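For reference, the structure discussed in these notes is given below.
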Amino acid sequence: MIKAYFKLGRPINALAGIIAVFISAYVAGPETWQPVIMAALSVLLITVSTNAWNDYLDIEIDRINKPGRPLPSGQINPRGALVFSTAGTILSLLAATFINPPAFLIALGSNILLYFYSWKLKCTVLLGNITVALIIALCFIFGGVAAESIRPVLPLAGTVFFAMLAREILKTMADYRGDLKHNCSTIATRWGKSLSRVFVLIFLAAASLAMVAVFFLGQYSPVYLLVVAVGVYPIFTYIALNAESSATGPELERLSTLMKYCFFTWFLAVGLGAGLAA
């Protein structure tokens, strides 16, 4: 049962957000790390609770796209998922109260947006994708707020916004079959996978340019550019070349996963760049 709830909440998905909080706080230079730790805990709880809510609403779609998930496979009943989600949301807000009022408002707004996304915005053209990208970008703002210095983290938030928007559109291409069957309107089902690919390429390019802007707008060692050039850009290029409209759902899902791990390389670039420049 514990394993099933672990799969339902997908806490590993929160790892990127947690690292984003710590990286952005490190760049901002906190006076104390206790608020930053509470911010990371809040991000973890927001992630697992809204993931459970998303699965609760998507049971029928997941019977096609992801039949092995805990809810469509019967490992967890819908009521259990709803209770799990509600408890996680309450705890995430409680954790945010130990930071400062702006942090609490970010946590509250993030929860509302993510719940509304799963309920209404997921099946929209671009609006849902933009919402998710914005929430992920807010992780960097969250870290800056916890460290009480927002300005240094704004270029980081902008970079991850473009990169996540590309990934979210790529995921709509991967989920095309199930979304189409259940009349879920996304950029892929409404405008087609070919045009969706164009948007993926545009936002990948925007993220690539933003990564360079980070270097010139902040105080970073040249090591930052080296890691980006060697560890990020080749993966972005590979994804751009292989995100074809003719690719299968599993193939596109693998590209989406590869892009997720690419973020960790960029985090390393930011951490090394900021640390060696200090």
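The values are calculated or read from the model by the stated rules, or taken from the named source; none is laboratory data. Since this is a predicted model, take the numbers as computed values, not measurements. Using ideal geometry, Cβ is built from the backbone for each residue, glycine included, and neighbour counts are taken over all protein chains shown.
Can you go through E31, E60 and tell me which one is surrounded by fewer than 16 Cβ atoms within 10 Å (Cβ to Cβ), over 30 Å from G249 (Cα atoms) and in contact (Cβ under 8 Å) with a residue 40 or more places away in the chain? Reasoning before the result, please.
Working: E60 fails: over 30 Å from G249 (Cα atoms).
Result: E31 is the single residue among E31, E60 that is surrounded by fewer than 16 Cβ atoms within 10 Å (Cβ to Cβ), over 30 Å from G249 (Cα atoms) and in contact (Cβ under 8 Å) with a residue 40 or more places away in the chain.
What about E253, is it more than 21 Å from the chain's Cα centre (by Cα) and of a type in the set (D, E)? Explain how you work it out, then say what you get.
Numbers: more than 21 Å from the chain's Cα centre (by Cα): no; of a type in the set (D, E): yes.
So E253 fails the test.
Can you name the condition, by its number, that S194 falls short on among (1) hydroxyl-bearing (S, T, Y); (2) touching a residue at least 24 places away in the same chain (Cβ under 8 Å); (3) under 25 Å from A39 (Cβ atoms)?
(3) is the only condition that S194 fails.
Please give the number of the condition V83 fails out of (1) without any contact (Cβ under 8 Å) to a residue 60 or more places away in the chain; (2) closer than 18 Å to I112 by Cα; (3) in contact with a helix residue (DSSP H, G or I) (Cβ under 7 Å, 6 or more places away or on another chain).
(3)
Anything in segment 179-214 that is surrounded by fewer than 19 Cβ atoms within 10 Å (Cβ to Cβ), of a type outside the set (G, A, S) and in a helix (DSSP H, G or I)? List them, or say none.
Passing the criteria: L180, K181, R190, W191, L195, V198, L201, I202, L209, V212.
Scan segment 170-191 and give yes if some residue there is under 22 Å from F140 (Cβ atoms), in contact with a helix residue (DSSP H, G or I) (Cβ under 8 Å, 6 or more places away or on another chain) and not acidic (D, E), otherwise no.
There is at least one residue in segment 170-191 that is under 22 Å from F140 (Cβ atoms), in contact with a helix residue (DSSP H, G or I) (Cβ under 8 Å, 6 or more places away or on another chain) and not acidic (D, E).
May I ask you to verify whether I46 is within 18 Å of I106 (Cβ to Cβ), part of a helix (DSSP H, G or I), of a type outside the set (S, T, Y) and touching a residue at least 12 places away in the same chain (Cβ under 8 Å)?
Values: within 18 Å of I106 (Cβ to Cβ): yes; part of a helix (DSSP H, G or I): yes; of a type outside the set (S, T, Y): yes; touching a residue at least 12 places away in the same chain (Cβ under 8 Å): yes.
So I46 passes the test.
When only residues in segment 13-28 that are more than 12 Å from the chain's Cα centre (by Cα) and among the hydrophobic types (A, V, I, L, M, F, W, C) count, which is surrounded by the most Cβ atoms within 10 Å (Cβ to Cβ)?
Checking each candidate, the answer is V21.
Could you grab me the full set of residues in segment 217-239 that are assigned to a helix (DSSP H, G or I), exposed (fewer than 14 other Cβ atoms within 10 Å of the Cβ) and either β-branched (V, I, T) or modelled with pLDDT under 95 (or both)?
V230, T237
If R10 satisfies all but one of (1) over 25 Å from T186 (Cα atoms); (2) surrounded by fewer than 23 Cβ atoms within 10 Å (Cβ to Cβ), what's the number of the condition it fails?
(1)
Conditions (1) more than 19 Å from I18 (Cα to Cα); (2) under 21 Å from the mean Cα position of the chain (by Cα), marked per residue:
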site	(1), (2)
P72	yes, no
Q75	yes, no
L94	no, no
F98	no, no
N111	no, yes
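Contact list please: Cβ distance under 7 Å, first residue in segment 260-278 and within 14 Å of F215 (Cα to Cα), second residue among the aromatic types (F, W, Y) and in a helix (DSSP H, G or I), pairs at least six apart or on different chains.
A269/Y224; V270/Y224; G271/Y26; L272/Y224; G273/Y224; A274/Y26
Could you tell me whether L138 is under 20 Å from I19 (Cα atoms), crowded, with 21+ Cβ neighbours inside 10 Å, free of Cβ contacts under 8 Å to residues at least 40 places away in the same chain and not charged (D, E, K, R)?
Taking the combined requirement at face value, the residue satisfies it.
Only one residue in L156, L165, L127, L93 is closer than 21 Å to L45 by Cα and either touching a residue at least 40 places away in the same chain (Cβ under 8 Å) or out of contact with any Asp or Glu (no Cβ under 7 Å at 6 or more places or on another chain) (or both), so which one is that?
Matching residue, one of L156, L165, L127, L93: L93.
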